1. I need the full set of residues from region 283-317 which are near the ligand (Cβ under 7 Å from one of its atoms) and in contact with a Pro (Cβ under 7 Å, 6 or more places away or on another chain), in order please.
2. From the list SER241, SER250, which one is surrounded by 19 or more Cβ atoms within 10 Å (Cβ to Cβ), within 16 Å of the ligand (Cβ to nearest atom) and among the hydroxyl-bearing types (Ser, Thr, Tyr)?
3. Could you give me the residue pairs with C-beta distances under 6 Å whose first residue belongs to region 215-244 and is of a type in the set (Phe, Trp, Tyr), whose second residue is surrounded by fewer than 24 Cβ atoms within 10 Å (Cβ to Cβ) wherever it lies, and which are 6+ apart or on separate chains?
4. What are the residues in region 359-372 that are assigned to a helix (DSSP H, G or I) and under 30 Å from LEU100 (Cα atoms), if any?
5. Restrict the check to region 322-332 and report whether at least one residue is away from the ligand (no atom under 12 Å from the Cβ), within 26 Å of ASN85 (Cα to Cα), part of a loop (DSSP other than H, G, I, E, B) and among the hydrophobic types (A, V, I, L, M, F, W, C).
6. Does HIS135 qualify as being loosely packed, with under 13 Cβ neighbours inside 10 Å and either touching a residue at least 60 places away in the same chain (Cβ under 8 Å) or in the same structural domain as LEU89 (by TED's automatic domain parsing) (or both)?
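The values are calculated or read from the model by the stated rules, or taken from the named source; none is laboratory data. Not measured: the values here are computed from a predicted model. Positions of Cβ are generated from backbone atoms using ideal geometry, with glycine treated the same way; all protein chains shown enter the neighbour counts.
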Amino acid sequence: MPVQEVMNQTAKLQLGDKSIDLPVVVGSENEHAVDISKLRSETGYITLDNGFGNTGACRSAITYIDGEKGILRYRGYSMETLAENSTFLEVSWLLIFGELPKPGQVEDLADRIKEHSLLHQDMRHHFEGFPATAHPMAVLSAMINASSCYHPELLENNSIDESSLEVVAMLMAKVSTIAAFSYKKSIGDPQRYPDPSLDYCSNFLHCMFSKPYGRYSAEPEVVRALDLFLMLHADHEQNCSTSTARVVGSSEANLFASMSAAVCALWGPLHGGANQRCIEMLEGIRRDGLDVKKVVERVKNREFKLMGFGHRVYKNSDPRATILKKASDDLLKKLGVDDPLLPIAQELEDVARHDEFFLSRNLYPNVDFYSGIILRTIGIPIEMFTVMFAIGRMPGWIAHWKEQHENPNGRIARPRQVYTGSPERDYVAAGSRG
Ligand code: SDX
């Protein structure tokens, strides 16, 4: 990974009468960082950065984002190029192993995923214990951790390489089966077992929608739209859930525990939960016949946030949103489906793109703004939207966990704090407290 410690280039920090030179690190896309590793030991100071918006947690070679230019690349390949030419499994291989798969490699991954797509029979009892109303993200996180109990051999040595795809295939297979099983449980349907004759996306749709009396066979356009959806969600550098996976993994916790924690972080409405909240917002506008311009005024009055808008990194449009906007329109046209939420979403985007409140804050549609339209068109229930994000993000989480796990200089994540609590005080016995 071409990272240069820029020799002799330092940042001078003046703290009172003390000054310190800090090394400057320059990434392969010319990003500059001040390495503060020695700051506390040499000055007693720490830094403070709410939400880590200015703090690099690591060096990484997996995904590059230029938020100002709206650039997203997986291992150097642009999102647009991959969306046009690649597949979810091929991109998963690229993210995890760093290169596009050679002939036979992605087929090997697909075969290993099929081998692991069944859950241990005992895990069926876990599903029986969940209420039908259980949120599928709670089920997914619990079942990822639970599945590790049946594979103790994978808990100790989570080494991931091109020859031992076990743990990669297992996680990518199980999330799909767990997701579909949790949906079947929620609607009181018998679970449908995976079909090894189908590709990853077709099999997921089969497990979701086949009935005891009728087998579901997805239209090619639907399979391609789902594959594109998963590919676009596959990684996004140090986002909240990926950082969670890295933090948990930094304690040498196993891959299953790290992925389970990442699912929990993704669940939040400010992160992966936004796709569900965005469709609920669009449905509310349609159901109540609200005027889009008045909705935007309420957002500007801070009554609520425009879900699916804004991003910590992108200060230009999120390239994924652009791709998903076109893909949702294409899918609806190909299937001859008319979704009333799409024109509402398009009008919201148009109004916001011409409004100073949004422009001045660099607020544009993000990956969650149009993704829900595709999922609705496929027939995915809204409660499952964030689970779909998790299925897509699994290879990215694995790639980052692996990158950190293999870093010889890796350290356990343990941030500092600025204490603002009470100074030392004497204990007061319960009977004497006022
Ligand atoms: C994802 O990190 C990633 O890469 C995430 C992700 C990935 O692939 O992993 O891209 C996936 O999580 C996309 C984001 C999904 N979340 C949403 O769509 C929820 C709505 N968006 C916001 O909550 C917000 O934009 C965040 C959480 C995405 C980003 O928050 P930041 O970077 O902390 O920005 P901020 O809250 O400091 O906002 C800056 C200003 C504030 O106004 P002021 O106080 O300066 O006047 O912009 C405003 C905010 O109030 N603002 C919004 C807004 N987002 C920010 N106002 C209205 N609607 C919004 N959506």
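1. The first filter runs over region 283-317 and keeps only residues near the ligand (Cβ under 7 Å from one of its atoms), leaving 299, 302, 305-313.
If the condition is that a residue be near the ligand (Cβ under 7 Å from one of its atoms) and in contact with a Pro (Cβ under 7 Å, 6 or more places away or on another chain), then GLY308, PHE309 are the ones that fit.
2. Numbers: SER250 fails: within 16 Å of the ligand (Cβ to nearest atom).
Every option except SER241 fails the conditions.
3. TYR216/HIS206; TYR216/PHE209; TYR216/SER210
4. Within region 359-372, the subset assigned to a helix (DSSP H, G or I) is 359-360, 367-372.
Matches in region 359-372: VAL367, ASP368, PHE369, TYR370, SER371, GLY372.
5. Scanning region 322-332, I find no residue that is away from the ligand (no atom under 12 Å from the Cβ), within 26 Å of ASN85 (Cα to Cα), part of a loop (DSSP other than H, G, I, E, B) and among the hydrophobic types (A, V, I, L, M, F, W, C), so the answer is no.
6. Details: loosely packed, with under 13 Cβ neighbours inside 10 Å: no; either touching a residue at least 60 places away in the same chain (Cβ under 8 Å) or in the same structural domain as LEU89 (by TED's automatic domain parsing) (or both): yes.
No, not satisfied.
Residue-by-condition table, conditions (1) buried (at least 20 other Cβ atoms within 10 Å of the Cβ); (2) within 16 Å of the ligand (Cβ to nearest atom); (3) modelled with pLDDT under 95:
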site	(1), (2), (3)
HIS151	no, no, yes
SER159	no, no, yes
GLU162	no, no, yes
LEU171	yes, no, no
ARG192	yes, no, yes
SER210	no, no, no
ALA225	yes, no, no
LEU228	yes, yes, no
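Here's the yes/no breakdown for (1) near the ligand (Cβ under 9 Å from one of its atoms); (2) over 18 Å from the mean Cα position of the chain (by Cα); (3) in contact (Cβ under 8 Å) with a residue 12 or more places away in the chain; (4) on the phi > 0 side of the Ramachandran plot:
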residue	(1), (2), (3), (4)
VAL351	no, yes, yes, no
LEU359	no, yes, no, no
VAL367	yes, no, yes, no
GLY379	no, yes, yes, yes
GLU383	no, no, yes, no
ILE391	no, no, yes, no
